[in-house]
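Reviewing the structure listed below.
The values are calculated or read from the model by the stated rules, or taken from the named source; none is laboratory data. Remember, predicted model here, so these are calculated numbers, not experimental data. Cβ: placed from backbone, ideal geometry, glycine included. Neighbour counts: every protein chain shown. When the accessible area is computed, the model is the full protein with side chains, heavy atoms only, and any ligands, DNA or RNA have been set aside. Shrake-Rupley method; radii C 1.70, N 1.55, O 1.52, S 1.80 Å.
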Amino acid sequence: MDKSIFNLPFQHSDLNSKIVVGLERISEVFRTLLWEHAKNIGLSPIQIQILIFIAYHKENLCTVSQLAKEFNVTKPTISDAVKTLEKKELIDKNKTSTDSRSYYIVLTSKGQDLVSKTENFANPIKKQLENFDITEQESLFKSISSLIYKLNRTGILSVQRTCYACKFYEKGEKTDYCNLIQTDLKSTDIRLDCPEFEKKS
């Protein structure tokens, strides 16, 4: 109890605890902004997240199994959300060529319209970041991208497609390098969700 992140006397004297609590506050803002949009359009937060994800990711990532991993929820939770979205004519199911029981989820034109109206829900956070100078932004991003990679390595974060875990990424003495596009990578070039990502063996 004494060294709990949430024990205020300990938290006040421990920088890492303050950072964790700070990240929790930011995640609460994200959830609140998402809930506000969800209430306005009659969808649940996870349903909005599914629609936005589908809009910007390859077909092979848009299955019930993959979405369950992406959002750290059960397959039945995703299946229920998909049923609702299909009933509202926001998505369609495309059968896969290899298994008649599995399918890819794609947006309908109605779903695309809804995404365009909801995908900017997190912009209030981005707007505040724009007030930081470029050095602060770069430092913050470097820390966040490294933290995401380390959480994935320990199994806490199940899915991530960042450069650090990609087979094309190469750590150099002075600069990082992508062997796919054959380009040096600055810390700000690191991607958190790369469409060309292939996991290191």
Problem - Length gained when the stretch Gln112-Lys171 is fully extended (0.36 nm per residue, less Cα-Cα span) - result: 17.4 nm
Fill in the blank from the handout: Expressed as a percent, the portion of alpha-carbon pairs in segment 131-201 spaced more than 16 Å apart is 49
Handout entry: Rounded to 10°, Cα long-axis angle of helix 45-56 versus longest principal axis of the chain
Key = 90
Handout entry: Test item: Cα-centred dipole of the chain, Lys/Arg +1 and Asp/Glu -1 on Cβ, debye
Key = 580
Exercise for the section: Tell me the trypsin sites (Lys or Arg not before Pro) within segment 114-185 that lie in a loop according to DSSP and have at most 13 other beta-carbon atoms within 10 Å. Expected result: Lys167, Lys171, Lys174
Exercise for the section: Pop out the carbon and sulfur fraction of the accessible area of the chain as a percent, whole number, probe 1.4 Å. Expected result: 53
Exercise for the section: Determine the per residue accessible area of segment 86-201 with all protein chains present and a 1.4 angstrom probe, expressed in square angstrom. Expected result: 72
Exercise for the section: For segment 1-91, state the semi-axes of the equivalent ellipsoid (square roots of 5 times the eigenvalues of the alpha-carbon gyration tensor), sorted largest first and rounded to whole angstrom. Expected result: 35, 15, 11
Handout entry: Filter on Lys58/Lys110; Lys58/Lys171; Lys18/Lys142 - keep pairs with C-alpha separation over 21 Å
Key = Lys58/Lys171
Handout entry: Nearest-ten-degree value, helix 75-87 long axis tilted from longest Cα axis of the chain
Key = 50
Handout entry: Helix-only [θ]222 nm of the chain, DSSP H runs n ≥ 4, -39500 (n - 2.57) each, per residue, nearest 500
Key = -16000 deg cm²/dmol
Exercise for the section: Mind ranking 183-196, 55-68 by how tightly packed they are, going by the mean number of other C-beta atoms within 10 angstrom, highest first? Expected result: 55-68, 183-196
Handout entry: As computed over the chain, the Cα convex hull volume per residue (Å³)
Key = 181
Problem - Greater than 21 Å apart at Cα, pairs in Lys150/Lys200; Lys75/Lys95; Lys93/Lys167 - result: Lys93/Lys167
Problem - Cleavage-rule hits (GluC sites (Glu not before Pro)) in segment 100-158: DSSP loop, at most 15 neighbouring Cβ within 10 angstrom - result: Glu119, Glu130
